1. Rg to Rh for segment 150-194: what is it, with Cα atoms only and Rh by Kirkwood?
2. Just the number please: accessible area per residue for the chain, 1.4 Å probe, all protein chains included, in Å².
3. Taking the highest mean first, how do the peptides 152-160, 168-176, 9-17, 200-208 order by number of other beta carbon atoms within 10 angstrom per residue?
4. To the nearest 20 debye, what is the magnitude of the charge dipole of segment 169-224 about its Cα centre, counting +1 on the Cβ of each Lys and Arg and -1 on the Cβ of each Asp and Glu?
5. As a test of understanding, state the convex hull volume per residue of segment 171-300 from its alpha carbons, in Å³.
6. Only helical DSSP H runs with n ≥ 4 go in: add -39500 (n - 2.57) per run for the chain, normalise by residue count and round the 222 nm mean residue ellipticity to 500 deg cm²/dmol.
7. Relative contact order (percent) for segment 1-81, with alpha-carbon contacts under 8 angstrom and 6 or more residues of separation?
8. Going by accessible area, probe 1.4 Å, with all protein chains left in place, what is the ranking of Arg209, Arg221, Arg83, largest first?
Amino acid sequence: MPDDVAAARSAAEEESAFSHPPVDPDAIATYGDHPDQVIDFYAPRGEAGPGGPAPLVVLLHGGAWRAPYDRRHVTPFADFLARRGFAVANVEYRRGAETGEGAGGSAGSGGGPVAGRWPETFDDVAAALDALPALVRELLPQADARRTVLTGHSAGGHLALWAAARHVLPADAPWRTDRPALLRGVVALAPIADFTVADKLDVCGGAARQLLGGAEEFAERRPYADPALLLPTGIATTLVQGRTDDVVPHAVAESYADAAAKAGEVVGLTLLEDVGHFPLIDPAADACAVVVEEIAQLAW
């Protein structure tokens, strides 16, 4: 496909995904004192399976861990899941500084938004997951937390894979747990799943390197943050990826799947033809229905 045609299609996909108005949640809870330490809850609005309490989908949004991209852009996707019978927890977390220097001391390109905060981004995801069982019991009684699927898009796909691997973090990691999370599985959507490959491809303008604090910290902190180094997890995992994704190329997901295989773990990889980065979370796109089916296969 000519470059100009591919660029035009990618732009159209992004425009479609961001064209939907935000959908307000049924309930909001805090899991800390920072304004970004919040979770939106969506009650199930349809029948996803054989009756009874609804499976819980924990959703982590993308946006290269950068401040301008918050959870609001995935609220139409959260509503899409709820309308198909899932209970949904849409997690917010601290992201990079708006401009200038970030928490890790690494400035974005041209002084723009920095990708992530070390260690706050990871602190928040761990704290949110730890707080969820009690919050779900209180605010989302329709949900069956025993049937939880963790999903995330792009940078959120990275965080979903990381959160499911906390029990295999290095022993001195503050987020390490002593047992695997009680998950039916993980469905990671175009995830930044291998930091070495993502860095070589300059995914999202070097976002993975910025997330870890910059060039000096990249190698030191990768064992605590890179999903490709946190294997095997023992948790069912599926990656969904568009073949024409020019934001997070499918080579990143393929590298993670290869690393999993070398670690003795089978990771599903669904590659969608003629699909880019954003249709995976766009309720108007066929790819979004494929994502829901992948989640349903694990949830039920």
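1. On the way: Rg = 10.7 Å, Rh = 10.7 Å.
The Rg/Rh ratio comes out at 1.00.
2. Values: 11930 Å² over 300 residues.
In whole numbers, the chain has 40 Å² accessible per residue.
3. Values: 152-160: 30.3, 168-176: 13.3, 9-17: 16.4, 200-208: 19.2.
Answer by packing, highest mean first, reads 152-160, 200-208, 9-17, 168-176.
4. Numbers: 7 positive and 8 negative charges, 59 e Å.
Dipole magnitude for segment 169-224 comes out near 280 debye.
5. That works out to 119 Å³ per residue.
6. Numbers: 9 runs with 101 residues, N = 300.
Estimated from H runs of four or more residues: -10500 deg cm²/dmol.
7. Working: 54 pairs, mean separation 23.3, N = 81.
Result for segment 1-81 is 29 percent.
8. Details: Arg209 75, Arg221 50, Arg83 140 Å².
From most exposed to least exposed: Arg83, Arg209, Arg221.
The values are calculated or read from the model by the stated rules, or taken from the named source; none is laboratory data. Worth saying up front: this structure is predicted, and the values here are computed from it rather than measured. All Cβ positions, glycine included, derive from the backbone under ideal geometry; neighbour counts span all protein chains shown. Areas reflect the complete protein model, heavy atoms only, side chains present, ligands, DNA and RNA absent. Shrake-Rupley method; radii C 1.70, N 1.55, O 1.52, S 1.80 Å.
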